[in-house]
Amino acid sequence: MLSRATLVTLFAILASASVSPQTAAPSDAAAVWNALSSPAMDTTKYAHVENVTIVRDAMHITLTDGTIQFTQPVNGIAFGAVFHGKGRVQVEPPNAIEAQQLKLFTKQVKLDMPFTDATFSFTDGLVGDLAKQAKWQASGLPGDDLYANRQKAREDLGEAALPRLLAGILAADRVRTAYFLADLKIGGKDWVEFRYDALDPEEVQVVRWADVGPFKLDDTWMHFPARSRSFQDAWKDPLALEDFAIRAYSINANVTSGAELSASTKLTLEPRLAGQSVLTFQLDSNLRVESIKDAQGNALNFYQARETKDRNQSYGDYVAVILPQPLALGAAQTLEFRYAGKRAIRKAGSGNYFCESSGWYPERPNSFATRADFEMTFRSPKNALLVATGTKTSDTVDGGTRITTWKSEIPLAVAGFAYGDYKPYNDKAGDVIVQVYANREPDDLMVSVQRSVESSGQGAVGSLTPSIMAKTMGVEMANTVRLFSSYFGPFPYKSLSVASIPLSYSHGQGWPGLIYLWSGSFLDDTQRHAIGLKDGPELTDFFRAHESSHQWWGQRVGWKSYHDQWLSEGFADFSGILYVRYRQNMKEALNQWRKEKELIRKKDAFGRSRDSLGPIWMGLRIRSSESDPFAYQDLVYSKGAYVLHMLQMQLWDGRSADPDHLFKEMMQDYCKTFDNRSASTEDFKAVVEKHMTPSMDLDGNHKMDWFFDQYVYGTGQSQYNFHAALDYTSDGKTHLKAELTRAGGPDTWRDSVPIYAHMGDKTVKMGNIRSTHRTEIIDTTIDAKIDRVSINDYEDLLADVKQ
């Protein structure tokens with residue numbers, strides 16, 4: 001049994017290890033990193049705990065009965081612990097949205113679960129908290145590998161907890177940069193992680209990794225700001241907690257015909273948090289860093305995630321850089337990265353390459369919330385073409401090497417490039433130059449598909465070569481620029497480049513002034529039909545326009561947080577259907593809106609509609625083990641588009657030569673207000689309120705809370721029945737008596753419902769019905785003879801309508 005003096009001494013040592021303002025110096029970073037990477041338990045002492053509580057904001061962890069043992073300290077600092085015994089964790093969701101998500105995963109409205117084993121990783125005052133409550137024993141326990149095993153499991157999932165721990169331990173202010181991670185073994189749920197990260201705008205997070213086929217998917221049970229702050233306050237300034245921002249890039253890159261990329265990238269930093277000695281960047285782990293130097297050419301220590309060998313296995317994409325002196329405010333710094341690798345570019349056939357759109361240069365998370373200047377120089381084989389974001393400022397050939405330089409006209413959120421044996425085609429949309437770069441030869445999958453079809457006796461399909469459709473693509477992309485410029489305001493850049501990407505990468509990507517389009521969209525109708533691709537706007541007009549509109553949604557106007565990404569993807573889906581309306585006809589556009597509505601209502605394997613899984617404001621959190629792989633897209637894309645469509649139709653002015661003029665004014669104001677900046681959902685809502693009509697003011701407060709609470713922050717839909725009777729007066733007028741009844745949803749549900757009059761082949765919007773009760777009666781006289789009245793003529797409502 002320990003003497004009183006020994007207990008006092010032990011208590012003092014433990015307490016000082018957690019609350020002392022002294023931190024490890026940057027020169028000790030290697031020792032700290034080694035200790036974090038290969039953690040070992042301190043076998044000289046442990047503690048028996050009974051009803052010990054650990055509170056981190058809304059998270060309450062009780063160690064009911066068991067033993068706890070710490071890791072061996074490094075530089076006098078303890079950073080980890082392991083617990084065996086019985087415990088309980090409790091977290092109360094701060095709002096209805098988080099409660100809904102928790103219930104989806106756990107069937108609980110308040111999290112309350114027992115656990116047995118646990119590991120803790122921390123840079124805050126956990127040791128001090130426990131030292132005050134535990135019964136410490138001098139004789140140690142045998143070595144325990146649970147902590148090391150759980151840490152490895154998290155790193156195998158790509159969580160990047162190690163650089164976060166390193167940054168917290170080496171920070172000058174360990175309170176402001178506090179980090180706490182409890183990894184708890186919960187019966188029936190396996191391991192669940194509870195985090196408090198003071199550098200995350202939403203500090204509190206509960207996550208469980210779930211098996212989805214061969215993959216692991218992170219289910220976020222809850223994620224919210226601490227101290228009862230609102231989400232709006234937490235994300236008002238998305239850079240408020242960032243330790244630094246990147247303001248400029250100078251990139252010198254070499255691209256080879258063997259799909260290798262090597263680069264030297266200089267970046268200029270703006271310090272935002274003094275005292276930080278560890279700066280963390282994101283870089284594709286397939287690009288291995290050779291060196292990092294400061295402005296004076298001094299080599300800096302750095303730590304990089306393990307290289308990814310399998311596309312389905314990621315160990316994270318972090319690079320943690322150790323500064324010789326902590327950051328100081330007001331003093332910009334320059335770092336130079338040198339790196340190389342083979343998988344950031346992938347060869348897919350003769351002259352066909354796929355270049356990763358992100359991760360090929362050091363970035364910060366959430367880059368769309370900020371902007372940086374880019375100057376880039378590329379060296380590539382002269383027999384191919386390379387196109388990048390920004391304006392091409394030079395193009396020369398030196399022997400077998402083509403050298404091109406590119407400079408951003410304005411600060412950009414991101415930068416990218418495409419490379420291949422292209423046939424270029426030029427078009428124009430006003431002053432905007434549209435350049436199409438289409439591969440001269442089909443990629444390997446195209447060749448394989450062509451051989452398969454022709455060998456099966458289905459006939460010849462012709463050459464599946466993107467360059468054949470280059471002119472058509474140029475015309476179509478120029479048309480999208482014209483249309484969107486008229487709706488959303490000027491095209492943000494001087495030119496638009498469009499490059500085909502291999503068939504196996506079945507998607508598109510819109511970067512500033514540069515779009516990657518799936519080569520399947522370069523085929524004509526006959527070829528798509530012959531090889532079994534579904535024909536329709538989804539692969540042609542809609543697809544091209546969706547990606548083109550990202551020049552406005554995502555590039556001209558970014559998003560502040562993952563909650564606001566619907567402002568990009570949803571708006572792009574809306575833009576795609578808008579283009580279908582002009583390129584084809586209103587009938588086909590309405591058909592597309594009906595398809596969007598079907599996707600939103602589609603049931604999953606558990607019989608739940610997409611819309612019930614969570615609001616579009618949840619963003620990527622919609623994607624989980626409780627949904628299928630398309631749930632995120634069907635909500636954030638499709639419902640996000642429908643939200644904008646409903647606003648468009650509420651602003652529709654049927655008496656004007658341009659019925660969309662009010663909507664255009666709103667969208668152009670939004671783009672101008674947030675030109676080359678990031679916006680939040682509340683920012684967009686404020687613009688809507690600035691342009692709303694009296695018929696949209698259902699609460700009489702000139703606010704659109706009712707609309708956003710239901711359709712953006714909420715879930716569910718309503719059902720409407722509409723019946724109308726018409727009587728005609730002797731003086732040529734029409735007496736209308738109609739009833740609009742609503743079923744489903746709460747009594748507080750409301751809508752502004754457009755109503756239309758039909759006179760022969762002519763349809764005119766009469767106005768909007770203020771639906772604030774279960775039943776609305778319309779009794780009015782119209783100064784014209786009309787044939788009938790209706791609602792939902794243009795799929796105005798995200799509702800089930802019968803009439």
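The values are calculated or read from the model by the stated rules, or taken from the named source; none is laboratory data. It should be emphasised that the depicted structure is a prediction, and the values quoted were computed from it without experimental measurement. When we count neighbours, we look across all protein chains shown, and the Cβ atoms used for this are built from the backbone with ideal geometry, even at glycine. Side chains are part of the model used for accessible areas, which takes the heavy atoms of the whole protein and leaves out ligands, DNA and RNA. Shrake-Rupley method; radii C 1.70, N 1.55, O 1.52, S 1.80 Å.
Where strands (runs of 3 or more DSSP E) fall wholly inside region 255-351, the ranges with 3 or more residues that are in contact with a Lys or Arg (Cβ under 8 Å, 6 or more places away or on another chain) are 261-271, 278-282, 288-294, 333-341.
For every residue, the table says whether it meets (1) modelled with pLDDT under 95; (2) not in a loop (DSSP other than H, G, I, E, B).
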| position | (1), (2) |
| --- | --- |
| 517 | yes, yes |
| 528 | yes, yes |
| 535 | yes, no |
| 538 | yes, yes |
| 543 | yes, yes |
| 548 | no, yes |
| 568 | no, yes |
| 572 | no, yes |
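The set of residues in region 262-296 being under 23 Å from the mean Cα position of the chain (by Cα) and either aromatic (Phe, Trp, Tyr) or over 15 Å from residue 342 (Cβ atoms) (or both) consists of 279, 280, 281, 282. The sole residue among 397, 434, 449 that is outside any helix (DSSP H, G or I) and open to solvent by less than 70 Å² (accessible area, probe 1.4 Å) is 434.
Entry remark, region 707-716: residues being open to solvent by 10 Å² or more (accessible area, probe 1.4 Å) and either in contact with a helix residue (DSSP H, G or I) (Cβ under 7 Å, 6 or more places away or on another chain) or touching a residue at least 12 places away in the same chain (Cβ under 8 Å) (or both) number 5 in total.
Within the group 212, 207, 175, which residue is at pLDDT 95 or above and either of a type in the set (Val, Ile, Thr) or open to solvent by 40 Å² or more (accessible area, probe 1.4 Å) (or both)? If you could, list the steps in order and put the result at the bottom.
Working: 212 fails: at pLDDT 95 or above; 175 fails: at pLDDT 95 or above.
None of the other options fit; the residue is 207.
Residues of region 215-225 that are open to solvent by 30 Å² or more (accessible area, probe 1.4 Å) and either modelled with pLDDT of 95 or more or among the basic types (Lys, Arg) (or both): 216 alone. When residues in region 370-394 are screened for being part of a strand (DSSP E or B) and open to solvent by 30 Å² or more (accessible area, probe 1.4 Å), 8 of them pass. Considering only residues in region 534-544 that are touching a helix residue (DSSP H, G or I) at 6+ places or on another chain (Cβ under 6 Å) and farther than 12 Å from residue 473 by Cβ, the one that is least open to solvent (accessible area, probe 1.4 Å) turns out to be 537. If residue 144 satisfies all but one of (1) acidic (Asp, Glu); (2) open to solvent by less than 10 Å² (accessible area, probe 1.4 Å); (3) closer than 17 Å to residue 118 by Cα; (4) not in a strand (DSSP E or B), what's the number of the condition it fails? Residue 144 satisfies all of (1) acidic (Asp, Glu); (2) open to solvent by less than 10 Å² (accessible area, probe 1.4 Å); (3) closer than 17 Å to residue 118 by Cα; (4) not in a strand (DSSP E or B) except (2). For region 639-667, the set of residues classified as farther than 13 Å from residue 487 by Cβ and either of a type in the set (Gly, Ala, Ser) or open to solvent by 30 Å² or more (accessible area, probe 1.4 Å) (or both) consists of 640, 641, 652, 653, 654, 655, 656, 657, listed by residue number.
Remark: pairs (first residue in region 779-794, more than 30 Å from residue 593 (Cα to Cα); second residue of a type in the set (D, E, K, R); Cβ separation under 9 Å; 6+ apart in sequence or on different chains) = 779/737; 780/737; 781/733; 782/733; 783/733; 784/733; 785/733.
Of all the residues that make up region 226-238, how many are in contact (Cβ under 8 Å) with a residue 40 or more places away in the chain, under 23 Å from residue 272 (Cβ atoms) and either open to solvent by 70 Å² or more (accessible area, probe 1.4 Å) or touching a Pro at 6+ places or on another chain (Cβ under 9 Å) (or both)?
Initially, region 226-238 is screened for residues in contact (Cβ under 8 Å) with a residue 40 or more places away in the chain, giving 226-228, 231-232, 235-236, 238.
Now narrow it down to the ones that are under 23 Å from residue 272 (Cβ atoms): 226-227, 231-232, 235-236, 238.
From what's left, either open to solvent by 70 Å² or more (accessible area, probe 1.4 Å) or touching a Pro at 6+ places or on another chain (Cβ under 9 Å) (or both): 227, 231-232, 235-236, 238.
The number of residues fulfilling the criteria is 6.
Summed over region 553-563, residues that are part of a helix (DSSP H, G or I) and surrounded by fewer than 24 Cβ atoms within 10 Å (Cβ to Cβ) total 1. Tallying residues that are in a loop (DSSP other than H, G, I, E, B), buried (at least 17 other Cβ atoms within 10 Å of the Cβ) and modelled with pLDDT of 90 or more within region 733-775 yields 2. For region 336-365, the candidate set comprises residues that are of a type in the set (A, V, I, L, M) and modelled with pLDDT of 90 or more; within that set, the residue that is nearest to the chain's Cα centre (by Cα) is 345. Residue count for region 600-628, restricted to those that are farther than 19 Å from residue 680 by Cβ, open to solvent by 10 Å² or more (accessible area, probe 1.4 Å) and in contact (Cβ under 8 Å) with a residue 24 or more places away in the chain: 8. On inspection, residue 370 qualifies as of a type in the set (Val, Ile, Thr), modelled with pLDDT under 95 and within 30 Å of residue 320 (Cβ to Cβ). The residues of region 247-271 that are open to solvent by 50 Å² or more (accessible area, probe 1.4 Å) and of a type outside the set (S, T, N, Q), listed by number, are 247, 258, 260, 266, 270.
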